[in-house]
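See structure below.
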Amino acid sequence: MSDSGFDIGLDDATQAGVFEVDAADLSALAAAGRDAGLLVRRIELDGCQDKQSLLMRLGAVLDLPPGWGRNWDALMDALRDLDWLPAPGYVLLFEGAGQLHGRLPHELETLVGILQEASAWWAGSDVPFWAFVAMRTSAPQGAGAER
């Protein structure tokens, strides 16, 4: 059981992968990841205007080593390494993916594929690697109600 008393099994590498979630779920997932002893990183995708700004955002949040190639292959290599971020497992929380999808659908599709490959690679070493992608934002309570 976790410190919070809420355990969703994020320490299980065999269940890890890439999942679409609601933006409202990201805070609870961050807490569950920390409770499981995993490294948690939140990555805001809104505002990424092109592939380069997306890769720069990922590099900054993940603190990728200087000189990393800033291309999809280099991101895949970096996600399979992570020596500079030692942890028993990883939880990446992507906010604003719906906005990115509207602007750069192919780039988001490529990113999700890379995250899936990285998760499968880490599972081979029994290290959980999770990516939660918030494609939509929940409407606030009472939104849309007539007044």
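Here are the numbers:
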quantity: Filtered residues of the range 32-76 (kept if more than 22 Å from D11 (Cβ to Cβ), more than 16 Å from the chain's Cα centre (by Cα) and not polar (S, T, N, Q)); calculated: G47, D50, K51, P65, P66, G67, W68, G69, R70, D73, A74
quantity: Of the criteria (1) under 16 Å from F132 (Cβ atoms); (2) in contact with an Asp or Glu (Cβ under 9 Å, 6 or more places away or on another chain); (3) of a type in the set (F, W, Y), which one W68 fails; calculated: (1)
quantity: Flag if G47 is small (G, A, S) and either in contact with a His (Cβ under 9 Å, 6 or more places away or on another chain) or in a helix (DSSP H, G or I) (or both); calculated: no
quantity: Leading residue by the ranking (nearest to L26 (Cα to Cα)) among those in the range 39-96 that are acidic (D, E) and in contact with a strand residue (DSSP E or B) (Cβ under 8 Å, 6 or more places away or on another chain); calculated: E95
quantity: Checking M56 against (1) of a type in the set (A, V, I, L, M, F, W, C); (2) loosely packed, with under 15 Cβ neighbours inside 10 Å; (3) in contact with a Pro (Cβ under 7 Å, 6 or more places away or on another chain), the condition it does not meet; calculated: (3)
quantity: Pair list, Cβ under 8 Å, 6 or more apart: the range 14-30 residue closer than 13 Å to A131 by Cβ, other residue buried (at least 18 other Cβ atoms within 10 Å of the Cβ) and among the polar types (S, T, N, Q); calculated: A16/S119; G17/S119; V18/S119
quantity: Test result for R70, basic (K, R), outside any helix (DSSP H, G or I) and in contact (Cβ under 8 Å) with a residue 24 or more places away in the chain; calculated: no
quantity: Residue tally, condition in contact (Cβ under 8 Å) with a residue 12 or more places away in the chain and not in a helix (DSSP H, G or I), over the range 50-66; calculated: 5
quantity: Of all residues in the range 83-138 being in a helix (DSSP H, G or I) and among the acidic types (D, E), the one that is surrounded by the fewest Cβ atoms within 10 Å (Cβ to Cβ); calculated: E109
quantity: Output for the range 41-64, where each listed residue is β-branched (V, I, T) and closer than 14 Å to M76 by Cα; calculated: none
quantity: Verdict on E95 being in contact with a Lys or Arg (Cβ under 8 Å, 6 or more places away or on another chain), touching a residue at least 12 places away in the same chain (Cβ under 8 Å) and among the acidic types (D, E); calculated: yes
quantity: Where a residue in the range 77-88 is under 12 Å from E117 (Cβ atoms) and its partner, wherever it lies, is part of a loop (DSSP other than H, G, I, E, B), with Cβ under 9 Å and at least six apart; calculated: D77/W68; D77/G69; L79/L62
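Read the figures in this text as sums done on the coordinates, not as results from a lab. Since the structure is predicted, the reported quantities are computational estimates derived from the model, not experimental observations. A quick note on method: Cβ atoms are made from the backbone with ideal geometry, for glycine too, and the neighbour counts reach across all protein chains shown.
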